[in-house]
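Report on the structure given below.
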Amino acid sequence: MEHSIGTPTNATPHAPLDPPPAATQARAERQARADWLITELSRLAAQAEDPNDRVRFRRTADSLTRLATAFRP
């Protein structure tokens, strides 16, 4: 697209911005915590004697999995 004087509106293309290293590290740490929690809830569900606890742990792990997946880049 050009301005009325004939110069391009975006004469210099910009490279995509990478997230700062701290943001990348924070995202990786959050993902690691979510993965650990999902694993732990699944383990608790497998070891639960009460069927209601088993279902509650599995549902919580499933919900956390969906939430973690939604926030992945």
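The values are calculated or read from the model by the stated rules, or taken from the named source; none is laboratory data. These figures come from a predicted structure and were not determined experimentally. FYI the Cβ positions are ideal-geometry reconstructions off the backbone, even for glycines, and counts take in every protein chain you see. With ligands, DNA and RNA removed, areas are computed over all heavy atoms of the protein, side chains included. Shrake-Rupley method; radii C 1.70, N 1.55, O 1.52, S 1.80 Å.
I need every pair where a residue in the range 54-73 that is farther than 10 Å from SER42 by Cβ has its Cβ under 9 Å from the Cβ of a residue that is among the polar types (S, T, N, Q), sequence separation at least 6 or different chains.
ARG54/GLN47; ALA68/GLN31; PHE71/GLN31; ARG72/GLN31
Working carefully through the options ARG56, ARG27, find the one that is assigned to a helix (DSSP H, G or I) and open to solvent by 100 Å² or more (accessible area, probe 1.4 Å).
Just a single option satisfies the conditions, and that option is ARG56.
Looking at this structure, is ARG72 among the basic types (Lys, Arg), modelled with pLDDT under 85 and either touching a Ser or Thr at 6+ places or on another chain (Cβ under 7 Å) or loosely packed, with under 11 Cβ neighbours inside 10 Å (or both)?
yes
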